[in-house]
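Student: One structure, as structure tokens, below. Some questions next.
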Amino acid sequence: MSVPSTPKWYPLASQAGCELWLCQPVTIEGAVSGNKIAKLRYPLLNAQASGCRGIATFGGAFSNHLLATAAACEQQGLQSLGFVRTDRLDPDNPTLRRCHRFGMSLIALSRADYRRRHDPDWLAVLQQRNPGWHWVPEGGTSSSGVAGVREWALAQSPQGAVTHLVTATGSGGTLAGLALGHPQLNMLGMAVVKDDSLPQRIRQLCEGQANWHLSMASVGPGYGRFTREHLSLCLDIRQQIGVSLEPIYTGKALFGLLELINQGHFKPGSRIGFVHTGGLQGLDGLHYRGLIDSAQWQALTAI
Ligand SMILES: Cc1ncc(COP(=O)(O)O)c(C=O)c1O
């Protein structure tokens, strides 16, 4: 799976003397979209090179990363194993259903067990019980995930070089990869999760490079939750420029970014690229749980 190098740029209303662009850096290929294409590139190559049967990884019950891993493995002739944070594998959950269709074997982990996903001793036991897999952490964030994101070349908007790139930040790998790949630019991660360990993890992934900043302006009601304003922004952007966002990652992050711009956090003349990181499959899960209604779901998912 290669990282396409021709991003699509969409102008968004300029505010406070700043130019704002929405940058869609990769072809959205069905289930493997946005930052997932970049993050999975090297893990897939590593799994193949080391003769593993496939990739084992972790995610929530509506995880973009789980579905992307399932789809990418199937595409590459590899197997996939997903440890899911859930008490019960719901056969009607649209994300898990699609994972299953792509051949992913799914194992439910209680919240207590899932919390230990970074614990090396617990991981070693899991790996012993499930041999032959290439293990990828939650969200695809590892040095090999970052290496793929680093290859994205997103510095040039149609009007010239951007001054800032901005992305939704969950586990931090995308922000770290963008920072390493664009050392001349300012990177801003809009955190969508309350996690005190996040800055430290990004620091480690960035190998000492410091051209990034993490803003908490987007967190709002916490990970996986959103407000009416976040959803309205997604619907407005869809109507204005025909690009879909979802309110858990991209819509929420863009909302926070617009607030920062309006509050004067960027110098006039800044040219800001907001990176579209995909995740649209999550809209099906929001609809399934009744968190968006059918009209909103249709507006955001219509082709
Ligand atoms: C759609 C979307 N955007 C942004 C992110 C955040 O990326 P990262 O976990 O690398 O910070 C994710 C999670 O992987 C995601 O699914």
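The values are calculated or read from the model by the stated rules, or taken from the named source; none is laboratory data. Not measured: the values here are computed from a predicted model. FYI the Cβ positions are ideal-geometry reconstructions off the backbone, even for glycines, and counts take in every protein chain you see. Ligands, DNA and RNA are excluded from the accessible area calculation, which covers all protein heavy atoms including side chains. Shrake-Rupley method; radii C 1.70, N 1.55, O 1.52, S 1.80 Å.
Student: How much accessible area per residue does region 36-140 have, in Å², with a 1.4 Å probe?
Tutor: Working: 4850 Å² over 105 residues.
Value for region 36-140: 46 Å² per residue.
Student: Calculate, in whole percent, how much of the Cα-Cα pair population of the chain lies beyond 28 Å.
Tutor: Working: 15930 of 45753 pairs.
Of all Cα-Cα pairs in the chain, 35 percent lie more than 28 Å apart.
Student: Give me the dipole magnitude in Debye, nearest 20, for region 36-140 about the Cα centre, with unit charges on the beta carbon: positive for Lys and Arg, negative for Asp and Glu.
Tutor: Numbers: 14 positive and 8 negative charges, 32 e Å.
Magnitude of the dipole: close to 160 debye.
Student: Show me, for region 147-164, the HN-Hα J-couplings you get by feeding each phi into the Karplus relation (A = 6.51, B = -1.76, C = 1.60, θ = phi - 60°), rounded to Hz, glycine and proline as x.
Tutor: 4, x, 5, 4, 7, 4, 10, 10, 7, 10, 7, x, 9, x, 5, 7, 9, 9
Student: Take the alpha carbon gyration tensor of region 78-155, find the square roots of its eigenvalues, order them as a ≥ b ≥ c, and report rounded if a/c is under 1.5; if not, report prolate when a/b exceeds b/c, else oblate. Write out the running numbers ahead of the final one.
Tutor: Numbers: a/c = 1.80, a/b = 1.26, b/c = 1.43.
Oblate is the answer for region 78-155, as a/c is 1.5 or above yet b/c matches or exceeds a/b.
Student: Could you give the size of the charge dipole of the chain about its Cα centre, using +1 on the Cβ of each K and R and -1 on the Cβ of each D and E, expressed in debye and rounded to the nearest 20?
Tutor: Working: 26 positive and 20 negative charges, 56 e Å.
Dipole of the chain, to the nearest 20 debye: 260 debye.
Student: Okay, next question. What Kirkwood hydrodynamic radius, in Å, does region 115-182 give when the mean of 1/r is taken over all pairs of distinct Cα atoms and then inverted? List each step's numbers first, then the result.
Tutor: Numbers: mean 1/r = 0.0708 Å⁻¹.
Computed over region 115-182, the radius equals 14.1 Å.
Student: Taking all protein chains in place and a 1.4 Å probe, what share, in percent, of the accessible surface of the chain do carbon and sulfur account for?
Tutor: Working: 6560 of 13240 Å².
Of the solvent-accessible surface of the chain, carbon and sulfur hold 50 percent.
Student: Hey, can you rank 172-183, 102-113 by average C-beta count inside 10 Å, highest first?
Tutor: Working: 172-183: 25.2, 102-113: 15.2.
Ranking the peptides 172-183, 102-113 by packing returns 172-183, 102-113.
Student: Could you list the GluC sites (Glu not before Pro) in region 202-303 that lie in coil according to DSSP, counting only those with at most 14 other Cβ atoms within 10 Å of their Cβ? Mind showing how you got there, number by number?
Tutor: Details: sites: Glu207, Glu229, Glu259; in loops: Glu207.
Passing both the DSSP loop test and the Cβ count: Glu207.
Student: In addition: What does the accessible area per residue of region 161-202 come to in Å², with a 1.4 Å probe and no ligands, DNA or RNA counted? Could the numbers behind the result be given before it?
Tutor: Working: 1200 Å² over 42 residues.
The answer is 29 Å² per residue.
Student: Follow-up. Hey, how much of the P(r) for region 36-140 falls beyond 15 Å, as a percent of Cα pairs? Intermediate results must be reported in sequence, preceding the final value.
Tutor: Values: 3154 of 5460 pairs.
Value for region 36-140 (Cα pairs over 15 Å): 58 percent.
Student: Of Gly222, Leu188, Val125, which is farthest towards the positive pole of the chain's charge dipole, taken about the Cα centre with +1 and -1 on the beta-carbons of Lys, Arg and Asp, Glu respectively?
Tutor: Working it through, the farthest residue towards the positive pole turns out to be Val125.
Student: What value, in deg cm²/dmol to 500, does the helix sum -39500 (n - 2.57) over DSSP H runs of n ≥ 4 give at 222 nm once divided by the residues of the chain? Walk me through the numbers before you get to the answer.
Tutor: Numbers: 12 runs with 116 residues, N = 303.
Here the helix-only value at 222 nm equals -11000 deg cm²/dmol.
Student: Right, here's the next one. Sort 243-250, 185-192 by the packing proxy (mean of other Cβ within 10 Å over each peptide's residues), most packed first. Intermediate values should be presented prior to the final figure.
Tutor: Numbers: 243-250: 25.6, 185-192: 24.1.
By packing density, highest mean first, the sequence is 243-250, 185-192.
Student: Along the charge dipole of the chain, pointing to its positive end and built from +1/-1 on Cβ of Lys, Arg, Asp and Glu, which listed residue (Leu44, His287, Trp152) has its Cα farthest out?
Tutor: Checking the options against the dipole of the chain, the answer is Leu44.
Student: Please determine, in degrees from 0 to 90 and to the nearest 10, the orientation of helix 120-129 with respect to the longest principal axis defined by the Cα atoms of the chain, where the helix direction is its Cα long axis.
Tutor: The two axes meet at around 50 degrees.
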